[in-house]
Amino acid sequence: MKVIDFSLTSFDYGNDIWLPIHDVDGHKTIADLNFPPDTILNIERVEKANTNIQNISKTRHEDLTLKLCKRPMNKIDLEYLYVNSSISIGQLKEEARKRVRNQRTKNLYLWMENGWIKFETDLDDLTLAEMEFDQYSMISFETEDDLIPGLCGLTNLGNTCFMNSALQCLSNIPELTRKILSFGNEINAPIIGAYSTLIKTMWSGEHVVTIPSSLLLNISENLPRFRRYRQQDAQEFMNYFLHLIHQELTSERTLITDLFYGRIQSSVKCLGGCHSIETNEEVISFLPLPVANDIDEYNILYLQSNGKQKLVSVRACARTIETLIESFIKQYEPKLSSTQIQAYNNHLSSINPSLNSLLVDFFREEPLNGDYYCSKCLDLKTARQKADLVLPLPPVLIIQLKRFTYDLDSSAKIDTYIDFPLRDLDLGQYIIQNNDEKTNVSTLYDLVAVSNHTGSLVAGHYITYARNDRNKKWYSFNDETIREIIDEHDIVTKNAYILVYIQRTTL
């Protein structure tokens, strides 16, 4: 017989019940436990649990005292857990997770006569009574060998899912995390220090859940709008957070500018006679792409009068061929009229809008709204405008799918499904032309994280899908809960809000 095969209890006169003694081991004496005079003790052998966990024969509801291993499968270092047999296996996991935050907590194990028995997740809805848990049954989570650095959940501190989602996106940007992990403890910057401590915890391989309270406190002191208990926008938080890190690094060029900053050149061409072009460059840290509601995308084979043909994508709210032709003319051939276009197939068949079609729209040349004052013509003229990416491209590209209207009279969200690639996003066609550097850079990007938003602007929730750089597998990060995404097709959903791509390195 071993010490763990027995339970020691003392009688509580005030409540007329027997209470377990928590800190018993084989080396302590009765004197070591400092019992008051006239204490009544009871020692009994712990009954073995039923070895057949599928045997659901009887249901009983009673208070249970369970032994929880503080360390995986360690039957000496225990903590008592008080529950009722009416709770489910899933609820038991949640209670146990609060006590062992440094363990991987996906699967629960029960100690039986022949060893540890694993409770698969499909048993989560069954109650402890149905599974015939006995008093003082011993439970444990998985062994530490299964821990993977980076798979660390974040506690929701009160409507802080927006922050947790943004932090998980940033955590899974390999180069950023490598830089942060290289920082020493002596850095004199409160936000970078708190973030560095958080990242080191998340990537230590010793924790499955951590609390980002220190980081939130430092951020809220600089940005009061992000204090807890309020719904916030994950993209705004991410942008402000990166800017705060940049500021604390106290130099013009930092790891934030090196990784995230890119440039867009805007050009306006006068159509009033001089045809002069005015250009302006803007530094960006993310690319905001408008998402339209109830807009379909159509693939059209465009046959020109000179015999040339090409496949083009037209985005339009088209219910007739006539409206589709009007949209085509506006997007591709503004000099033509509808009478010069003939449709050879009167069947409308739309496809899902894609990230590439949004990029085409964003960088397409189009008429400038309103009149343009030309500095050469010295008069108001019509004009066309266009945007282009400027080299060098940013190593990390953050794309915001603009789903919120931010209208004072509405909190509507645009739930249009946007298809986006997990690999091989090519930005080559959007780079400014006639640039000698264009052939010497990689224009391909691969996805590493997605921040998803469900619900509305005033009542919603954020979760992150991200690819772990250690094992190259995709995971869902829902505050404290982490699960593996088996099918990569599940990554692309209508809830995608922030896309994080990293530039593929050239050999």
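The values are calculated or read from the model by the stated rules, or taken from the named source; none is laboratory data. Note that this is a predicted model, so its numbers are computed, not measured. Glycine gets a Cβ as well: all are built from the backbone with ideal geometry, and neighbour counts include every protein chain shown. Just the protein is used for accessible areas: all its heavy atoms, side chains included, with ligands, DNA and RNA removed. Shrake-Rupley method; radii C 1.70, N 1.55, O 1.52, S 1.80 Å.
The figures follow:
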item	result
Test: residue in segment 104-120 that is open to solvent by less than 30 Å² (accessible area, probe 1.4 Å) and at pLDDT 90 or above	no
Scan of segment 306-320 for residues that are modelled with pLDDT of 75 or more and open to solvent by 30 Å² or more (accessible area, probe 1.4 Å), ordered by number	306, 307, 308, 309, 310, 311
Positions within segment 468-503 being hydrophobic (A, V, I, L, M, F, W, C) and not in a strand (DSSP E or B), in sequence order	485, 486, 491, 492
In segment 241-285, the residues that are under 23 Å from residue 402 (Cα atoms), open to solvent by 50 Å² or more (accessible area, probe 1.4 Å) and assigned to a loop (DSSP other than H, G, I, E, B)	261
Residue, modelled with the highest pLDDT, within segment 290-305, restricted to residues that are of a type in the set (Val, Ile, Thr) and within 15 Å of residue 358 (Cβ to Cβ)	291
Flag for residue 402 being over 35 Å from the mean Cα position of the chain (by Cα), open to solvent by 40 Å² or more (accessible area, probe 1.4 Å) and either at pLDDT below 90 or within 30 Å of residue 487 (Cβ to Cβ) (or both)	no
Of all residues in segment 211-240 being free of Cβ contacts under 8 Å to residues at least 40 places away in the same chain and basic (Lys, Arg), the one that is surrounded by the most Cβ atoms within 10 Å (Cβ to Cβ)	227
In segment 64-79, the residues that are open to solvent by 30 Å² or more (accessible area, probe 1.4 Å) and touching a Lys or Arg at 6+ places or on another chain (Cβ under 9 Å)	70, 75, 77, 78, 79
Selected residue (criterion: most open to solvent (accessible area, probe 1.4 Å)) from residues of segment 126-151 that are within 23 Å of residue 171 (Cβ to Cβ) and modelled with pLDDT of 90 or more	149
